[in-house]
Structure formats: C-alpha cells, structure tokens
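Notes follow once the structure below has been shown.
The values are calculated or read from the model by the stated rules, or taken from the named source; none is laboratory data. Everything quoted here is computed from the prediction, not taken from an experiment. Every residue, glycine among them, receives a Cβ derived from its backbone with ideal geometry; neighbour counts consider all protein chains shown.
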C-alpha cells in the first residue's frame, strides 16, 4: 500500500512544524489580549523570583564565598539554572500543569487529536509571563559573566558553552517535568511530587554541589540530573576542576534524560484510563 | 435499608478512604521535599559559617535554626488557603451568602484556616522535623520556653493568615490576586527569616525586618525556641495581631459595602 503525502514521515514532520508554529502564534496572540496583565505578571514573577538570588547575595555579602565560590561564580550557576527553568516554563507549561488534565479528565480530548499527546500538549500554550524568569536569569548571568570576563576567569568561548548549558538545562527540566508528569497516570496528584523533583532539586543546584553530602550530590547528578546542566560545565569553565567532558555532558545528559522521560511518558500513557465522567 | 442499598455507601466510603491514602502518599513526598530543602540550607550554612560562629549563631545553632523553621513553617507559612477561598467565593458570587452568615467573616476564615494549619504541623511539620533531627534538633531545657514558643507560633500563624486574608480581600476590587499574593509570600519568606537569621541582612533592612510583622512568623519563634531571646519577642507579635485584626475588619467592612453597592 502506498502512503499518502500526509502520512509520509517527512511531510508529517513539516506539517507538525507548521502546526506548532500556528498554534504557538495563536497562543501568543491570545495572551497579548491582556497586555497589562502580561506585563504585571512577568514583572512580578521576575522580582519575586529573585528571592533565591537574594538569599545567595546576602550570604555572600556577609561571608564572601560559599566553598570557594564568589558571588559572580555562583551567579553563573544561578543564571544557567534560571534561564533553563524559564525556557521550560515558557514552552512547556502544559507539562507542568499536567495534573489538571488527569484530575479533570481533559486528557481524553488530547488523545483524540491526530497527533502524539506530547506534541499536542507542547503546542497548546506558550506562556510569555514566564519571560520574567528568563530575563532575570539572563540579567544575573550577564552581570556575572562580565565580571568574570574582566577578571580573566571566563573566556568568550566559555560564554558560548554557557548558552549550550542553558538550553541543555531547559531540556533537563523538560525531561524531569515529563517524568514527573508520567507519574500522574498512576498517582493522579503530582503537585507535591513536583515540589520534590523540580523545586527542591533546582534550589539545590543554585549552589556548588561540593557543599552537599555524597548521596545528595549523586541524586542531583544521576537521578534528577539538574546538576549536570549547570554545576558540571560551570565548574570546568571557572577552572575549578574537571575536563572537556564536563562541557559535553549537559547536552548528552539532556538527550538521554529526554529519551528516558519519553519512554516513561509512553509507558504511563499506555496504562491511562479515563476518569469516566 | 437493604444490604444492596448499604453496599453503595460502603463503596463510597472505600473510595474516600483510598483517595485519602493517595493524598497521604503525596503529602509524604512533599515531606521528603521539605526535608531536602532543610538539608540544602543546613549544608549551605555549615559551609559558610565559621566554627567560631557569627553573633549568636555557630554552625550547630544554624542547623537547629533551619531544622526548627522547616518544622514550623507548616504552621506559620505554608498551607494557608484563605486568599484562594475568598477569591473563588468572589468570582462565583458565593461570597454574598458567606457575608450573610451570622458569623464574623474574618473570624470564620481564621478558624477554618487554623484547623488545616494544625494538620500541616502534625502531619507535615513534625515528620520534617523528625527527618532533620538526624542533623541536629534543639530541645529547650526550660519548660517555660515550650509555652512561650507555642504562644509565639499561634500568634505567628494568626499574622500569616491575616496577611493572606487581606490578599484575598483585594479580590473584591481586582478579582485577580496573584500579584498581591506573590509579593506577600516573598516578604513572608525574605523578611520572616525562614532560611536565614535576620542578623545577616544589611542595615537598614535588618531593622525594618526585625520590627515588621513578618519576623513574627519564623524568626521570633525560632529565637525563643533556641533560647537566644526571651518572651519579650511575644510583644511585637501581640501588637501586630491587634493592628492587623483592626485592618482586616476595616477592609471587610469596605468590601461588604462594595458588595451591597453592586447589588450582590
């Protein structure tokens, strides 16, 4: 049987990209209907989100360094993590809010679409109010990188690696988010689980992992590998140890984590049964 | 009633039980997450505080400080839903019925929140404290300290509920309370001293925080518990309780008038 143009893999991919673009632009237009709300939400998120950096700044103002890392060096850890988190929340917010789909039974409507459920979810919404996190992270990163470039601790090539690390961290957040969302197929409520896998873990990676006990370091590098996105490359870029492998690790960890998370997603999806309302 | 009739109640009761078991599991996960937050801050402070300490705080005292705060934050910071309930009631119009009840609206919200916060302390806070006791947990030697700490926490919870009650009441004018909520939550954490003693803050932020209502949520109770300060720290909590109660009653009165003007 010959395949029709719409079912050819290449045509389907192009159609998917086109659909993704259309749906995202519709989402942006919808969000921009409430411009004032958008500006207020983005600004307040950026300001209130600075709490973690405020804690870091106050501690370093008082004690100079955390395990030999100064404010600019920790600023890079913070920036990579926050930009990654911002990217994830802007483009993948429906994954973060997946619990609602299961609780309300809305996932049924996702399944009847002629596209994979993950694609449908990811193309549903682009939440620009989360830009605040991205801008805030990028701002802290720019100030820190500038100071470290001037001090000769960081090179321009290193800045390029930081950009790769930011994107990789965004993918790692997506992988962790997908794996956590997959648990909703089984346990339904995942909000509390997200506090553990995302909030606690991302807060931990704002500081050098050397300060933690071995079990926590291993967890942040191998189980919930958010530390592989920021700590591993930044450590090498600042000359605090490691090899070029540290720079290659973030994209590799992101790719492997996404594969594993996709597998978990399909596993959960195959066992999904509706609320039956 | 036939056995068949009773069976449906049995099934419903079983489902309710299983549903609660699911929530218990998710609460357990959250408890682990809270303990992880505690571990993060304990190790962070241990890595920066010199062994000679700063002010009243040695690395061990900082461990006690974080362990205590992670326990009591489930009573004085987390789990308050007053703002969400008021917002939803305003949006749905149910608030008109609620204001008609022969109970003071503010006291009604306060009482219902205390119940859930006691649950938070017993089923979330205490397990977190138990986990963090592996790293160190201070128990006061003076029995009076236990009593002063409980009083301080009860007043701290009252102040925290009133903060979010006021945030919720803004729904009468704006319907969207997210911004106010974020600001208050951030101030609760930052100026409350949840993850750092206020002495770390630079001046004049320290003085501002020290006498703000936010310090009554975690910082003051922790200092009383650790026997670093005496019961005199109850006084600012009492003052803020009175001030915020008057403010809440005034705002409630204004909201009631606004609702009547709109014909709700």
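List of remarks:
- Figure legend. Inter-residue proximity from segment B:193-213: first residues closer than 18 Å to residue B:46 by Cα and more than 10 Å from chain A (Cβ to nearest Cβ), second residues outside any helix (DSSP H, G or I) and modelled with pLDDT of 90 or more, beta-carbon distance below 7 Å, spacing 6+ or different chains. Indicated pairs: B:193/B:218; B:197/B:57.
- Flag if residue A:88 is within 30 Å of residue B:53 (Cβ to Cβ), buried (at least 21 other Cβ atoms within 10 Å of the Cβ), at pLDDT 85 or above and in contact with a helix residue (DSSP H, G or I) (Cβ under 6 Å, 6 or more places away or on another chain): no
- Candidates A:232, A:159, A:167, A:163: the one that is closer than 30 Å to residue B:31 by Cβ and more than 14 Å from chain B (Cβ to nearest Cβ) is A:232.
- Residue check for residue A:167: over 20 Å from residue A:265 (Cα atoms), crowded, with 16+ Cβ neighbours inside 10 Å and within 14 Å of the chain's Cα centre (by Cα): yes
- Boolean, residue B:264 is farther than 28 Å from residue B:119 by Cα, touching a helix residue (DSSP H, G or I) at 6+ places or on another chain (Cβ under 8 Å) and either modelled with pLDDT of 95 or more or part of a loop (DSSP other than H, G, I, E, B) (or both): yes
- Scanning segment B:146-182 for residues that are within 14 Å of another protein chain (Cβ to nearest Cβ) and either buried (at least 20 other Cβ atoms within 10 Å of the Cβ) or touching a strand residue (DSSP E or B) at 6+ places or on another chain (Cβ under 7 Å) (or both) gives B:167, B:170, B:177, B:180, B:181.
- Here the helices (runs of 4 or more DSSP H) wholly within segment B:158-214 that include at least 1 residues being over 24 Å from residue A:57 (Cα atoms) are B:171-174, B:178-190.
- If the condition is being closer than 23 Å to residue A:57 by Cα and not in a helix (DSSP H, G or I), then segment B:215-234 contributes B:217, B:218.
- Set B:107, B:67, B:112, B:116: member being at pLDDT 90 or above, more than 14 Å from chain A (Cβ to nearest Cβ) and assigned to a helix (DSSP H, G or I): B:67
- Of residues in segment A:43-85 being in contact with a strand residue (DSSP E or B) (Cβ under 7 Å, 6 or more places away or on another chain) and touching a residue at least 12 places away in the same chain (Cβ under 8 Å), the one nearest to the other protein chains (Cβ to nearest Cβ): A:60
- Given (1) away from chain B (no Cβ under 14 Å); (2) part of a loop (DSSP other than H, G, I, E, B); (3) surrounded by 22 or more Cβ atoms within 10 Å (Cβ to Cβ), number of the condition residue A:242 does not satisfy: (3)
- Failed condition for residue B:81, given (1) within 19 Å of the chain's Cα centre (by Cα); (2) more than 12 Å from chain A (Cβ to nearest Cβ); (3) surrounded by 24 or more Cβ atoms within 10 Å (Cβ to Cβ): (3)
- Checked against the criterion of being in a helix (DSSP H, G or I), surrounded by fewer than 23 Cβ atoms within 10 Å (Cβ to Cβ), touching a helix residue (DSSP H, G or I) at 6+ places or on another chain (Cβ under 7 Å) and without any contact (Cβ under 8 Å) to a residue 24 or more places away in the chain, segment A:118-137 contains one or more residues that satisfy it.
- For segment A:187-210, the tally of residues that are part of a helix (DSSP H, G or I), within 9 Å of chain B (Cβ to nearest Cβ), in contact (Cβ under 8 Å) with a residue 40 or more places away in the chain and within 17 Å of residue A:53 (Cβ to Cβ) stands at 1.
- Matching entry among A:28, A:39 (being more than 10 Å from chain B (Cβ to nearest Cβ) and free of Cβ contacts under 8 Å to residues at least 40 places away in the same chain): A:39
- Evaluation of residue A:141 against (1) within 26 Å of residue B:33 (Cα to Cα); (2) touching a residue at least 40 places away in the same chain (Cβ under 8 Å) (one fails), failing number: (1)
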